[in-house]
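Asks: Have a look at this one.
The values are calculated or read from the model by the stated rules, or taken from the named source; none is laboratory data. Small disclaimer: the values here were computed from a predicted structure and weren't measured. Cβ sites come from the backbone with ideal geometry, for glycine too, and all protein chains shown count toward neighbours.
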Amino acid sequence: MLFYKGMDIRWTKVHVISSRSVKLGVSLIINFKRYMSVALAYVGIIVGAGLSSGQDILQYFLCFGTKGMIAVVLLGILNIIFGGIILALGCYYKSDNHQDVLEQIAHPVLSKVIDFTLIISGFIIGFVMIAGAGANAHQQFGIPAWLGALICSVLIIIVSFLDFNKITGILGVFTPIIIVMLVVITAYTFLGKSYDFSQLSTVAQTIEPAIPFPVMSAVNYFSICAVTGVSMAFVLGGSMLKIGNAQKGGMIGGTIIGIIIFCASITLFANIGIAKDAEIPMLAIVKQISPVFAFVYAIVIFALIFNTAFSLFYATAKRFAGDHTKKLRIYLFVMVGIGYVCSFSGFKQLVSVLYPILGYVGTLLLIVLLAAWIREKDNIMVEKLRRRKMIHILSKKYEEDEEFTHKDVQKLKALGEESVADTEALKQDVIDFVNEKYDETDD
């Protein structure tokens with residue numbers, strides 16, 4: 001009899017350990033899915049017309065010849081560092097729009113200056129993206145540029161009627177495809193082939209640089225990336241509960257962007273003779289590989305252009321509309337309509353004229369973000385632990401060997417009130433997170 005009792009005890013222990021292992025595994029999977037989803041969405045925001053088309057890379061980096069590759073590497077590092085910072089700050093403050101964060105991290109006057117800059121920049125780069133959509137459609141399909149731009153504009157309006165989770169999914173869906181395609185293009189360019197990089201450098205330096213020096217060019221261009229992505233990235237970060245997941249998502253997204261830039265840069269450099277005069281340089285290269293591949297690549301570029309344009313217009317409209325869905329769509333419709341008209345100036349010209357100006361203004365934003373991260377780092381760590389504790393306490397409701405008491409309810413309430421985020425919103429996020437965790441475990 002004792003033998004069987006012992007077996008029962010051992011079996012109970014094994015069952016408990018196994019159950020906890022499953023829950024831990026499911027938790028890790030959920031976290032991985034969450035930050036990878038945000039990472040891919042973040043890449044979708046940043047990798048728009050310029051990086052996937054190659055036009056920005058020509059004017060900002062390859063115009064310096066081989067020295068430009070140093071700036072490309074620096075740009076990748078900046079993307080990794082600030083990708084983590086931006087999403088983590090958005091998550092920490094549970095941002096619903098960029099002003100939620102700016103009001104916390106900058107002086108009121110400086111906050112208004114940056115807010116105004118982001119609104120103007122979001123609108124300007126938004127219609128540059130629409131122009132890029134028109135240029136892409138014209139170069140590949142022979143469609144008039146105005147029609148390609150119109151199709152992109154209409155899609156922006158249509159997608160705004162979806163809920164935010166579906167929007168996030170749309171923003172990230174084409175990112176893995178462009179990564180694979182760029183790797184294929186890079187492999188095709190270099191496998192079994194050799195190049196005279198000295199000669200290529202000479203040809204590349206005939207391109208008019210947007211910025212006079214390589215390092216300055218990297219900082220200026222990343223400032224544009226920050227201005228482009230920060231509003232939507234704050235919203236992405238704010239949609240997550242765990243700050244660590246948001247930070248990892250931003251850093252992974254930044255790493256992916258760095259890889260994309262590097263692959264695109266060395267490929268364009270090797271094909272500089274074909275690329276330097278094209279409106280969409282990467283598309284000109286892809287046409288040399290296969291017409292079918294070029295067709296697919298053009299579709300993917302169009303989708304990435306749409307991603308960036310939508311993100312910019314959506315985030316800017318949300319800045320004014322807040323949680324009012326009807327107002328959001330009205331603002332979006334008006335801005336996209338005006339942006340469509342402005343896009344007739346031409347993609348290549350818009351990049352060369354407007355981007356450097358926005359980059360110089362965007363440097364101020366980078367300084368504010370870095371200062372905020374250094375200043376708030378300890379508080380962010382405390383908030384991480386606070387949210388983990390809230391998750392742990394609420395999880396007791398679902399654990400067979402735990403008891404969820406009135407004392408736990410009081411602890412949850414106290415932790416929520418201590419948080420920098422809105423108490424009720426944070427509490428609901430914790431509930432949703434725990435429910436999802438245990439629903440997945442049950443499945």
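Asks: Scan the range 320-351 for residues that are loosely packed, with under 15 Cβ neighbours inside 10 Å and under 30 Å from residue 139 (Cα atoms) and jot them down. Before the answer, list the steps.
Replies: To start, the set of residues in the range 320-351 that are loosely packed, with under 15 Cβ neighbours inside 10 Å comprises 322-327, 330, 334, 337-338, 341, 344-345, 349.
Of everything in the range 320-351, those that are loosely packed, with under 15 Cβ neighbours inside 10 Å and under 30 Å from residue 139 (Cα atoms) turn out to be 334, 337, 338, 341, 344, 345, 349.
Asks: Hey, another quick one. Given the conditions (1) over 14 Å from the mean Cα position of the chain (by Cα); (2) surrounded by fewer than 24 Cβ atoms within 10 Å (Cβ to Cβ); (3) on the phi < 0 side of the Ramachandran plot, report the number of the one that residue 95 does not fulfil.
Replies: Every listed condition holds for residue 95 apart from (2).
Asks: Let me ask something additional. Kindly check whether there is at least one residue in the range 120-131 that is surrounded by fewer than 16 Cβ atoms within 10 Å (Cβ to Cβ), part of a helix (DSSP H, G or I), over 19 Å from the mean Cα position of the chain (by Cα) and without any contact (Cβ under 8 Å) to a residue 40 or more places away in the chain. Give the derivation first.
Replies: At the first step, the residues of the range 120-131 found to be surrounded by fewer than 16 Cβ atoms within 10 Å (Cβ to Cβ) are 120.
Among the residues that remain, those that are also part of a helix (DSSP H, G or I) are: 120.
Pick out the ones that are also over 19 Å from the mean Cα position of the chain (by Cα) and you get 120.
Within this subset, residues satisfying the condition of being without any contact (Cβ under 8 Å) to a residue 40 or more places away in the chain are 120.
Yes, some residue in the range 120-131 is surrounded by fewer than 16 Cβ atoms within 10 Å (Cβ to Cβ), part of a helix (DSSP H, G or I), over 19 Å from the mean Cα position of the chain (by Cα) and without any contact (Cβ under 8 Å) to a residue 40 or more places away in the chain.
Asks: If you don't mind, another one. Residue under question is residue 352, and the condition is that it be farther than 21 Å from residue 233 by Cβ and not charged (D, E, K, R); does it hold? Break it down stepwise before answering.
Replies: Details: farther than 21 Å from residue 233 by Cβ: yes; not charged (D, E, K, R): yes.
Spelling it out, residue 352 is indeed farther than 21 Å from residue 233 by Cβ and not charged (D, E, K, R).
Asks: Select from the range 44-75 the residues that are modelled with pLDDT of 85 or more, of a type in the set (Gly, Ala, Ser) and under 23 Å from residue 233 (Cβ atoms) and list them in ascending order.
Replies: Let us first name the residues in the range 44-75 that are modelled with pLDDT of 85 or more, namely 57-75.
Next, only the ones that are of a type in the set (Gly, Ala, Ser) stay: 65, 68, 71.
Of everything in the range 44-75, just one residue is modelled with pLDDT of 85 or more, of a type in the set (Gly, Ala, Ser) and under 23 Å from residue 233 (Cβ atoms), namely 71.
Asks: With respect to the numbered conditions (1) surrounded by 13 or more Cβ atoms within 10 Å (Cβ to Cβ); (2) out of contact with any Ser or Thr (no Cβ under 6 Å at 6 or more places or on another chain); (3) outside any loop (DSSP other than H, G, I, E, B), which one is the sole condition not fulfilled by residue 426?
Replies: Answer for residue 426: the failing condition is (2).
Asks: Same structure again: Which number in (1) surrounded by fewer than 22 Cβ atoms within 10 Å (Cβ to Cβ); (2) closer than 26 Å to residue 303 by Cα; (3) not aromatic (Phe, Trp, Tyr) marks the one condition that residue 45 misses?
Replies: (1)
Asks: Being modelled with pLDDT of 90 or more, buried (at least 22 other Cβ atoms within 10 Å of the Cβ), within 24 Å of the chain's Cα centre (by Cα) and not small (Gly, Ala, Ser) is the filter here; which residues of the range 259-285 pass it?
Replies: 267, 268
Asks: Follow-up. Do you know which residues across the range 135-156 are among the small types (Gly, Ala, Ser) and either assigned to a helix (DSSP H, G or I) or not assigned by TED's automatic domain parsing to the domain that holds residue 53 (or both)?
Replies: First, the residues of the range 135-156 that are among the small types (Gly, Ala, Ser): 135, 137, 142, 145, 148-149, 153.
135, 137, 145, 148, 149, 153, listed by residue number.
Asks: Taking the range 362-388 as the search range and keeping residues that are out of contact with any Lys or Arg (no Cβ under 8 Å at 6 or more places or on another chain) and charged (D, E, K, R), which one is surrounded by the most Cβ atoms within 10 Å (Cβ to Cβ)? Can you show your working first?
Replies: Residues of the range 362-388 that are out of contact with any Lys or Arg (no Cβ under 8 Å at 6 or more places or on another chain), as a first pass: 362-383, 385-386.
Filter again for charged (D, E, K, R), leaving 375-378, 383, 386.
On the way: 375: 11, 376: 19, 377: 11, 378: 9, 383: 21, 386: 19.
Taking the candidates together, the pick is 383.
Asks: Still on this structure, I have one more. Return the pair list, or none, for Cβ contacts closer than 7 Å from residues in the range 310-328 that are β-branched (Val, Ile, Thr) to residues that are in a helix (DSSP H, G or I), at least 6 apart or on different chains.
Replies: Here the result reads 316/119; 316/122; 316/123; 316/231; 316/335, each pair linking the range 310-328 to a residue that is in a helix (DSSP H, G or I).
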